[in-house]
Amino acid sequence: MNVTGIGIDAVEIERFKKALDQWGENFLKRIFTQKELEYAGTKKGYAMHMAGKFAAKEAVKKAIPDGAEIGLNWAQIEILNGKDGKPHACLHDHAERLAKKFNLSQVYVSISHTEKLAIANAIGVKNGT
């Protein structure tokens, strides 16, 4: 397994809450997929949880070589959770094509929160040499 890129991002939860208050559902639907929204709806601390997913999307974008080419279509990077609760990245459309271009086999994601901050990191890896 070879690391091809790493990314990290932090989001101030209060700033994220203000964006939610200002732009509401339109903001959420522009950034998150239906699956992400459904999962977050089951969690306490909705804004904190979604801020973490947003930070993870940014981190994944940074971990993919040429990730800046993904643009602002955030739904191309989907952060889902396994049965164990661990987050993982699912790439769609142009993000998926970039991953294939660079032979990425996986993008690992980790998310953490405090009262004020949501932080995430991502590591892009490929198998072989």
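Can you find a residue that is free of Cβ contacts under 8 Å to residues at least 60 places away in the same chain, within 10 Å of the chain's Cα centre (by Cα), buried (at least 19 other Cβ atoms within 10 Å of the Cβ) and more than 23 Å from TRP23 (Cβ to Cβ) anywhere in segment 108-120? Looking through segment 108-120, at least one residue is free of Cβ contacts under 8 Å to residues at least 60 places away in the same chain, within 10 Å of the chain's Cα centre (by Cα), buried (at least 19 other Cβ atoms within 10 Å of the Cβ) and more than 23 Å from TRP23 (Cβ to Cβ).
Picking from residues in segment 84-102 that are part of a loop (DSSP other than H, G, I, E, B) and modelled with pLDDT under 90, the one that is farthest from VAL3 (Cα to Cα) is GLY85. Looking at ALA10, is it more than 13 Å from the chain's Cα centre (by Cα) and either over 17 Å from ALA89 (Cβ atoms) or in a loop (DSSP other than H, G, I, E, B) (or both)? Judged against the criteria, ALA10 is not a match. Within segment 18-27, the presence of a residue that is in a loop (DSSP other than H, G, I, E, B) and at negative phi is excluded. Of all the numbered requirements in (1) free of Cβ contacts under 8 Å to residues at least 60 places away in the same chain; (2) charged (D, E, K, R); (3) in a helix (DSSP H, G or I); (4) under 23 Å from GLU12 (Cα atoms), LYS62 misses one, and that requirement is (1).
The values are calculated or read from the model by the stated rules, or taken from the named source; none is laboratory data. The shown structure was predicted, so the numbers you read here are calculated from the model rather than taken from an experiment. Heads up, the Cβs are rebuilt from the backbone with ideal geometry, glycines too, and the neighbour counts pull from every protein chain shown.
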